[in-house]
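The structure under discussion appears below in the form of structure tokens.
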Amino acid sequence: MSDTASDTASSVGDIIEDASEADTTTFKCLFCEEQWGSVLAMFAHCQKSHSFDIEETIKQLGQAVDELIIIKLVNYLRLESQKSVEPKDIKVLAETLADDKYLHPTLSDDALLFELGDIMPDPDSKAVDYDEYEAALQQNIVTDVEKLTLDNDRDTDYFESYKGNAIHREMIEDRVRTEGYRDFIEKNAKLFEGKIVLDVGCGTGILSLFCARAGAKRVLAVDNSDIARRARENIIQNGYQDKIEVIQGRVEDFHTQRMIGEQKVDIIISEWMGYGLLFEGMLDSVLRARDLYLKDDGLMVPSHCTMRIAPISDRAWVEDASGKKFWRDVYGFDFSSMVPGGALNEREIGVFDVPSKSISGEPSTFYELDLKKIQIRELDFTAPFSTGLDSRSSCIEAFAIWFDTFFLPNAKSAEATSVDVSKWGEFGEAGLGFSTGPYSTPTHWHQAVLLLSEDDRKMETKGGGMVKGTVTYRKPKKDDRGIEVTIEWEVEGRQGRVERTMA
């Protein structure tokens, strides 16, 4: 699917080529509020009024200066100025401008970025057009706004899968999911009153509508899928077009940044969770949006997620889920060679509603995500777990992984995530979280199940023993939407390992 940014009529290169034509374009000084219509005049002003020689600074950067370096320089100087650093104290080093985070405009619609031809020391140097600038933004961000690695067809398929009605109906009909968001918004309406909200991956617009109904001043609903068109229609149909603006595009794109504008948002809301929590890699985009748009004291909704694991010991359920029960008697014929031939197999992560009676150990929380703090690089991790087997357990046949989701206002203690959210009503404030585990109301996320090898399934264990190990999550190479999960464990001095993928 092509980005809407590609439809932009003009480009940086086009404007550079027309720089000699008379126009009325003005731009803000790098260090103060004065407006200028001439780059050279602004340079002279900066030297006289702010003791900063821009031309000399560019010369000192050396012969490697190109348009992207100039873009970074402009954004860097503006950012330092916003930090109240005196111009004469700003140090510009090539090493600093090597950081691609400075490709992102400090000012929205910064007209100075469209006057690069007048800034370049070599007027014959090649101009960077919009596509090159967009490519640099998308492919080279590796620090504060980290990059997304995807096969183009894989990414296109991902967005295509969300343009139809069926998948959105399934999500909306998941009452645990939809009412969890609704209840938090409605019970905390004062958090939303008069605020600017960014809805990342808005889908049909349901969460944006909840926010607007709760009193949000403005909601920016962003989705790269064609479902954005339906969202716009839904918003108009319900009379919220004055409050909700739908933007079709990637939330981290330059086009989207221009649409959102310079003002930071108070709240970012998103239903980004996938199977096993991290499948589909949507959280990457949410975290980039946080780094680009959220105020320092802003709120992430949801605010936290915890990841949990437990062993499965139920031979009958495993035989049914793996197809063994079906294939061993097909009209009187033994088709056992087809096993495992179901959704539960020795290659892929299966997705099931595991019966709670099949869980043979106390669930263990192995990873916590604080959405205000976590970085994209921390979504690849290895974390420890431990659990005690129940007395009836004689083997481990699989592991189940699920997640719990929390909606905690900034004033609430993050310690609430230590509560078993499936029993939230007993121990905490109702309505501030939900579980996707086997002890709670089933959801469209189900549980992620990793079937052990046949040899490991035959390993006998004693009831009451301890299982200790690690869980590793990794993104497959060149596919940030898939996940590879490895579980290594030890019980009674014997070790096991299972690695499965979801792509």
| field | Tally, over region 183-211, of residues that are in contact with a Lys or Arg (Cβ under 9 Å, 6 or more places away or on another chain) and acidic (D, E) | value | 2
| task | For region 45-80, name all the residues that are open to solvent by 50 Å² or more (accessible area, probe 1.4 Å) and hydroxyl-bearing (S, T, Y). | result | S49, S51
| request: Can you give me the number of residues within region 365-409 that are open to solvent by 20 Å² or more (accessible area, probe 1.4 Å) and assigned to a strand (DSSP E or B)? | output: 8
| field | E252 over 16 Å from the mean Cα position of the chain (by Cα) and touching a residue at least 12 places away in the same chain (Cβ under 8 Å) | value | no
| query | What tally of residues in region 57-103 results from selecting those that are under 19 Å from F254 (Cβ atoms) and touching a His at 6+ places or on another chain (Cβ under 8 Å)? | reply | 1
| Listing of strands (runs of 3 or more DSSP E) fully contained in region 214-317 that carry 3 or more residues being open to solvent by 10 Å² or more (accessible area, probe 1.4 Å) and of a type outside the set (S, T, Y) | 244-248, 294-301
| remark: Counting only residues that are under 30 Å from S285 (Cα atoms) and among the charged types (D, E, K, R), region 436-492 contains a total of 9
| Count of region 93-134 residues which are among the small types (G, A, S) and either at pLDDT below 55 or surrounded by 19 or more Cβ atoms within 10 Å (Cβ to Cβ) (or both) | 3
| request: Mind listing whichever residues of region 70-92 are modelled with pLDDT of 90 or more and of a type in the set (A, V, I, L, M, F, W, C)? | output: L73, V74, L77, L79, V85, I90, V92
| field | Among (1) of a type in the set (D, E, K, R); (2) out of contact with any helix residue (DSSP H, G or I) (no Cβ under 9 Å at 6 or more places or on another chain); (3) crowded, with 20+ Cβ neighbours inside 10 Å - the single one E348 does not satisfy | value | (3)
| message | Six or more apart or on different chains, Cβ atoms under 9 Å: show the pairs whose first residue is in region 458-474 and at positive phi and whose second is open to solvent by 60 Å² or more (accessible area, probe 1.4 Å) and in a loop (DSSP other than H, G, I, E, B). | response | G464/S391
| said: Given the criteria open to solvent by 20 Å² or more (accessible area, probe 1.4 Å) and of a type in the set (V, I, T), does V339 qualify? | reply: yes
| Can you name every residue in region 410-445 that is surrounded by fewer than 19 Cβ atoms within 10 Å (Cβ to Cβ) and modelled with pLDDT of 80 or more? | Y439, S440, T441, P442, H444
| Quick one: C211 ticks every box in (1) touching a residue at least 40 places away in the same chain (Cβ under 8 Å); (2) within 18 Å of S285 (Cα to Cα) bar one, so which box is it? | (2)
| task | Have a look at D314, D291, D297 and point out the one that is more than 16 Å from Q375 (Cα to Cα), among the charged types (D, E, K, R), out of contact with any helix residue (DSSP H, G or I) (no Cβ under 7 Å at 6 or more places or on another chain) and modelled with pLDDT of 90 or more. | result | D297
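The values are calculated or read from the model by the stated rules, or taken from the named source; none is laboratory data. Since the structure is predicted, the reported quantities are computational estimates derived from the model, not experimental observations. Because the Cβ atoms are built from the backbone with ideal geometry, glycine has one as well, and the counts that use them run over all protein chains shown. For the accessible areas, the whole protein counts, side chains as well, though only heavy atoms, and no ligand, DNA or RNA atoms are used. Shrake-Rupley method; radii C 1.70, N 1.55, O 1.52, S 1.80 Å.
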